[in-house]
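One structure is given below, encoded as structure tokens.
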Amino acid sequence: MAELNLMEILDMAIEKEKMRRDFYAALTKKFLTGKLHELFVQLEKWEDVHVDMIIKLRDKINQPAPFEFSAGDLEPYWQFLLKDRLHNLISADDFCKKVETPLQALDYAIGFEKDAVLFFSELLNVVEPDFKHIIAKLVDEEKNHVVYLSEQKADY
């Protein structure tokens with residue numbers, strides 16, 4: 001069994017939400033007008049709210065003791081996420097440069113939101129019971145983002 005610090009995981013969650021927010025902000029500069037612009041403005045705002053939620057959660061937890069995983073848990077998954085800083089080498093602007101069409105923008109956004117659903121769903125398994133409702137809310141909101149983006153994709 002290995003020890004893992006919840007604060008590290010929450011810091012990673014903040015980083016990931018900021019990256020999504022920054023990607024959406026970059027897309028608002030790529031799509032300057034219309035429905036797609038407004039969509040990415042809204043997503044940027046939503047991700048900013050998520051950053052604040054996670055920071056407040058981290059501040060409430062206030063340096064928890066490390067927790068242990070039992071056999072069959074996802075400890076290797078979390079260790080990989082915490083050690084893999086590759087996502088920090090690719091900026092939101094770098095992702096945005098790869099976007100040439102509205103469909104590509106929506107596909108990237110859907111992928112990022114699905115990543116958030118997975119990340120926060122797994123976080124539900126390790127966060128203290130008193131804070132599960134906050135993470136569950138994040139999971140629900142990220143799922144709603146996937147649905148919302150998928151519905152918008154039908155227009156393109």
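FYI, it's all coordinate maths here, none of it is from the lab. Remember, predicted model here, so these are calculated numbers, not experimental data. Here the Cβ is made from the backbone with ideal geometry for all residues, glycine too, and neighbour counts use every protein chain on show.
Between the range 1-55 and the range 88-149, the alpha-carbon centres lie 8 Å apart.
With θ taken as phi - 60° and the Karplus curve 6.51 cos²θ - 1.76 cosθ + 1.60 applied, the whole-hertz 3J(HN,Hα) list for the range 53-60 is 4, 6, 4, 5, 4, 4, 5, 6 Hz, x standing for glycine and proline.
Here the Karplus relation 6.51 cos²θ - 1.76 cosθ + 1.60, evaluated at θ = phi - 60°, turns the backbone of the range 10-27 into coupling constants of 5, 4, 5, 4, 5, 4, 5, 5, 5, 5, 4, 4, 5, 4, 5, 4, 5, 5 Hz, with x for every Gly and Pro.
With a simple spin-label model that places each label point 7 Å from the Cα along the Cα-to-Cβ direction, the separation between Glu38 and Val126 comes to 4.0 nm.
Other residues within the sphere of radius under 10 Å centred on the Cβ of Lys60, judged by their own Cβ, net out at -1 (K and R +1, D and E -1).
In this rough spin-label picture, where each label sits 7 Å from Cα along the Cβ direction, the Asp59-His133 distance is 1.9 nm.
In order along the range 141-146, phi translates into HN-Hα couplings of 5, 5, 4, 4, 5, 4 Hz, rounded to whole numbers, per the Karplus curve 6.51 cos²θ - 1.76 cosθ + 1.60 with θ = phi - 60° and x for Gly and Pro.
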